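K.L.:
Submitted below is the structure of interest, expressed as structure tokens.
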Amino acid sequence: MTIAIAASTIVQLAFEAMEMSPPSSFGDDSDQAQSASLHYDTALAICLEAQDWSFASAMATLPPVAVHTPVDPDLPHAFALPANCHVLRDVMAAGGRWRADKGILRSDQAGGLTIRYTARISDETALPATFRAAVGLQLAVLMAPRFVEVQGKIDRLEARLSEAMARAARTDARTSSAGSWRDDDAPDWIAEARR
């Protein structure tokens with residue numbers, strides 16, 4: 001990455017959390033820039049993987065693909081996952097079996113598979129502020145062993161990260177209905193009514 005670090009809210013937040021001045025860009029030769037460049041994608045990935053965020057949720061109907069590797073006899077059909085699929089959350093198939101393998105979804109069903117997934121988002125401005133704050137703290141936690149000498153300070157960064165992730169999750173929870181959206185996970189309201 002050679003973008004200006006000044007344009008990255010996440011990197012600014014990370015260095016502020018460590019009480020350090022950020023480098024000018026990812027491309028400079030400083031240890032700080034190299035560490036930020038090394039850990040930035042990992043910090044973002046960890047936070048995206050943490051839960052099914054509404055702002056990163058996407059759906060797609062998958063096209064079939066020919067697979068040149070050995071075909072799994074139990075899952076003979078292959079479908080291309082979207083290029084921006086970071087975490088596969090659900091395959092909406094009526095009782096079908098499936099497995100995700102390196103950008104391919106293998107299934108025992110022949111077609112029409114629709115998935116819900118967490119998309120990889122590289123534009124920071126598309127991320128909610130509470131999520132950017134959490135990613136900044138995750139980046140600080142990843143870089144802290146190199147730049148923070150006091151273990152108590154690292155422990156405080158980890159505690160702040162936990163709080164920031166919880167805050168981001170609470171904020172995101174306001175964008176959807178409470179409880180599970182899946183029918184098979186729905187509570188048995190008749191049994192509850194008879195209590």
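K.L.:
Grab the beta carbon distance between A126 and E19, set R0 = 35 Å, and tell me the FRET efficiency rounded to 0.05.
P.N.:
With R0 = 35 Å, the Cβ-Cβ based efficiency is 0.80.
K.L.:
Where in region 108-127 does the amide nitrogen come within less than 17 Å of the point 7 Å from the Cα of V67, taken along Cα to Cβ?
P.N.:
108-115
K.L.:
Stretched out fully, how many nm does the piece from N84 to Q51 gain, at 0.36 nm a residue minus the Cα gap?
P.N.:
10.2 nm
K.L.:
Rounded to the nearest 20 Debye, what is the dipole magnitude of region 1-154 about its Cα centre when Lys and Arg each give +1 and Asp and Glu each give -1 at the C-beta?
P.N.:
Using only the charged Cβ atoms, the result is roughly 460 debye.
K.L.:
Keeping every protein chain present and rolling a 1.4 Å probe, give me the accessible area per residue for region 70-118 in Å².
P.N.:
That works out to 51 Å² for each residue.
The values are calculated or read from the model by the stated rules, or taken from the named source; none is laboratory data. It should be emphasised that the depicted structure is a prediction, and the values quoted were computed from it without experimental measurement. Neighbour counts run over all protein chains shown; Cβ positions are idealised from the backbone, glycine included. When the accessible area is computed, the model is the full protein with side chains, heavy atoms only, and any ligands, DNA or RNA have been set aside. Shrake-Rupley method; radii C 1.70, N 1.55, O 1.52, S 1.80 Å.
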